[in-house]
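Scroll down for the structure; my scribbles are underneath it.
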Amino acid sequence: MLNKKLENYNIILASGSPRRQQFLKDLGLNFTVRSIGVEEVYPKYLHGNEITSFLAQLKADAYEKTLNENDILITADTVVRFNGRIFGKPKDADNAKKMLTELSNNEHEVITSICIKTNESTKIINDTTVVHLEKLSEEEIEFYINKYAPYDKAGSYGIQEWLGYIAVKKIEGSFFNVMGFPVHKFYKEMMKF
């Protein structure tokens, strides 16, 4: 349905995330993947979805001079917010262990922004999901990091993986947002084309 509506557009996903690529495939979209490395740095005065909106826009701006008339560019960014601090992707195993230890037996927010950019317009979509985690043992955290290497995931975990199975006791909001892409909001926005 969505693919038929967008058949006159070239959809470009500017993300190396296999999860985001799968979401677009599952929506039936034909798209290409392009990746330009962008240093994900944001002003320290930003909070919550201001951070993810800024970073999604920053990623989109890197493609500005390369967009053709019928291109639709999609970028996204996800962070975890816990106790007023932002957790992005872990730098290494120690950093991942520190994040997961702090998130254990607590609730946190997963915030995602999607930027949809054409030559004529830019639209930012935001979503926030609250995730409640069970207490994790040190052995469980180490097993997860060693087996699943969560270095491409904000907050050091994927809800769709083993840690999500054993530790997520409740979520408030979109499950798919926790995976880095609020598909329901994206779909509604794309149906406007």
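The values are calculated or read from the model by the stated rules, or taken from the named source; none is laboratory data. Values in this document were obtained by computation on a predicted structure and should not be read as measured data. Neighbour counts are summed over all protein chains in view; Cβ atoms, including those assigned to glycine, are modelled from backbone coordinates with ideal geometry.
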For this session: State whether the residues of the stretch 145-156 include one that is touching a Pro at 6+ places or on another chain (Cβ under 7 Å) and either under 30 Å from Asn68 (Cβ atoms) or surrounded by fewer than 20 Cβ atoms within 10 Å (Cβ to Cβ) (or both).
Result: yes
Exercise. Within the set of pairs 6+ apart or on separate chains, which have a first residue in the stretch 177-189 that is without any contact (Cβ under 8 Å) to a residue 12 or more places away in the chain and buried (at least 24 other Cβ atoms within 10 Å of the Cβ), a second that is assigned to a helix (DSSP H, G or I) and of a type in the set (A, V, I, L, M), and C-beta atoms under 8 Å apart?
Worked result: none
Seminar exercise, completed: Filtering the stretch 72-108 down to residues that are closer than 21 Å to Ala149 by Cα, among the basic types (Lys, Arg) and part of a strand (DSSP E or B) yields Arg81
Problem set entry | Criterion (within 20 Å of Leu24 (Cα to Cα), of a type in the set (Val, Ile, Thr), at pLDDT 95 or above and assigned to a loop (DSSP other than H, G, I, E, B)) met by exactly one of Ile159, Ile111 | Ile159
Seminar exercise, completed: Glu102 meets each of (1) in contact (Cβ under 8 Å) with a residue 24 or more places away in the chain; (2) surrounded by 15 or more Cβ atoms within 10 Å (Cβ to Cβ) with one exception, condition (1)
Problem set entry | Matching entry among Ile145, Ile114 (being closer than 19 Å to Phe23 by Cα and touching a helix residue (DSSP H, G or I) at 6+ places or on another chain (Cβ under 9 Å)) | Ile114
Problem set entry | Selection status of Phe193, under 28 Å from Asp61 (Cβ atoms), assigned to a loop (DSSP other than H, G, I, E, B), at pLDDT below 95 and of a type outside the set (Gly, Ala, Ser) | yes
Seminar exercise, completed: Taking the stretch 32-53 and keeping only residues that are without any contact (Cβ under 8 Å) to a residue 24 or more places away in the chain and either more than 17 Å from Val110 (Cβ to Cβ) or not in a helix (DSSP H, G or I) (or both), one is left with Thr32, Val33, Ser35, Gly37, Glu39, Val41, Tyr42, Pro43, Lys44, Tyr45, Leu46, His47
